[in-house]
Amino acid sequence: AQSVAQPEDQVNVAEGNPLTVKCTYSVSGNPYLFWYVQYPNRGLQFLLKYITGDNLVKGSYGFEAEFNKSQTSFHLKKPSALVSDSALYFCARQGDAGNMLTFGGGTRLMVKP
Amino acid sequence: NAGVTQTPKFQVLKTGQSMTLQCAQDMNHEYMSWYRQDPGMGLRLIHYSVGAGITDQGEVPNGYNVSRSTTEDFPLRLLSAAPSQTSVYFCASSLTLTPGGGELFFGEGSRLTVL
């Protein structure tokens, strides 16, 4: 079965420091990978996606993600964290069949001043 | 632009009661879905629809029914509520299910507590 895993329940980072939120995926067909963000008491918002091509994908709010096929990873990154980046982040994938997205368990990002 | 609208935002039920969570989208999206969000488990797909009159089961369909009589609306029915259905429910829609194009638009969620 296609799946994604987020190995960290929470990531803590100081404001201004670079941040990384990790995601790995199971090897099954072509992975179409997504990152979403959820602010408190809100629905999820799309950040970025990888379909094919350049392994570094740029998205909203200064976030980017690096697709690494050999490590089956799609880590979310930002060069300089903001307190306002504190939220719950979800990695998701879609399979070749065009089915609905499968989500990871989520990682809570805490950015401290 | 309203996007995806869910009602109610909060609901408390007693075990055995039934209720319907409403979802409407105004983006003319063909694809609509219901997810539930539980701590540490991410979002799990309950049911989805690829168009009016067509629905299918997701990962955790038991205890829920859906119907899709119009493109805009996709209600989720709890037939006989159980404490295990305490969760936050999200409705999401998508313009396409083309691989790699499945960006979802989410409602703001409905928090359900079953006592």
Margin query: Given Cβ point charges of +1 (Lys, Arg) and -1 (Asp, Glu) and nothing else, what value in debye, to the nearest 20, does the dipole of segment A:58-109 about its Cα centre take?
Written below: 60
Check: What residues from segment B:75-91 fall in the zone where the backbone N is under 16 Å from a label point 7 Å along the Cα-to-C-beta line of residue B:67?
Finding: B:75-80
Item checked: Full-stretch length increase - residue A:66, residue A:112 - with 0.36 nm per residue and alpha-carbon distance subtracted -> 14.1 nm
Next item on the list: Can you check what the net charge comes to around residue B:4, using other residues whose Cβ is under 9 Å from the Cβ of residue B:4 (Lys, Arg +1; Asp, Glu -1)?
Entry: -2
Next item on the list: First compute the accessible area of chain B with a 1.4 Å probe, then give the percent of it belonging to carbon and sulfur atoms.
Entry: 51
Notebook entry, point to check: When the distances between all Cα atoms of chain A are binned every 10 Å from zero, what whole-number percent does each bin get?
Noted result: 15, 50, 29, 6, 0
Checklist line | Cut-off 9 Å between beta-carbons: net charge of the residues surrounding residue A:57, Lys and Arg +1, Asp and Glu -1 | finding: -1
Next item on the list: State the Cα centre-to-centre distance between segment A:28-44 and segment A:46-97 in whole Å.
Entry: 9
Check: Over segment B:16-115, what lengths in whole Å, largest first, do the semi-axes of the equivalent ellipsoid take, defined as the square roots of 5 times the eigenvalues of the alpha-carbon gyration tensor?
Finding: 22, 15, 11
Next item on the list: Please average, across the residues of A:4-10, the number of beta carbons from any other chain that are within 10 Å of each residue's own beta carbon, and give a whole number.
Entry: 1
Checklist line | Only Lys, Arg (+1) and Asp, Glu (-1) charged, at Cβ; chain A dipole about Cα centre in debye | finding: 80
Check: Between chains A and B, what is the buried accessible area in Å², counting both sides, with a 1.4 Å probe and ligands, DNA and RNA left out, to the nearest 100?
Finding: 1800
Notebook entry, point to check: Per residue in segment A:24-45, which ones lose no less than 10 Å² of accessible surface when going from chain alone to all protein chains (1.4 Å probe)?
Noted result: A:32, A:34, A:36, A:38, A:41, A:42, A:43, A:44
Notebook entry, point to check: Residues of B:51-58, mean number of Cβ from any other protein chain within 10 Å of their own Cβ, rounded to a whole number?
Noted result: 1
Item checked: Mean accessible surface per residue for segment A:54-113, computed with a 1.4 Å probe while every protein chain stays in place, in Å² -> 44
Next item on the list: Among B:18, B:87, B:67, determine the one that fluctuates most according to a GNM of chain B built with springs between C-alpha atoms less than 10 Å apart.
Entry: B:18
Next item on the list: Compute the accessible area of each residue in segment B:90-115 twice, once for its chain alone and once with every protein chain present, using a 1.4 Å probe on heavy atoms, and list those whose area falls by at least 50 Å².
Entry: B:97, B:99, B:100, B:103, B:104, B:106, B:108
Note to self: With a cut-off of 8 Å between alpha carbons and a minimum separation of six or more residues, what is the relative contact order of chain A in percent?
What the structure shows: 38
Next item on the list: Output the Cα-based Rg and Dmax of segment A:21-66 in Å, rounding Rg to one decimal and Dmax to a whole number.
Entry: 11.8, 35
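The values are calculated or read from the model by the stated rules, or taken from the named source; none is laboratory data. Only a predicted model underlies this, so the values are computations on that prediction, with no experimental measurement involved. Positions of Cβ are backbone-derived with ideal geometry, glycine not excepted, and every protein chain shown enters the neighbour counts. Note: accessible area is taken over every heavy atom of the protein model, side chains too, but ligands, DNA and RNA are not part of it. Shrake-Rupley method; radii C 1.70, N 1.55, O 1.52, S 1.80 Å.
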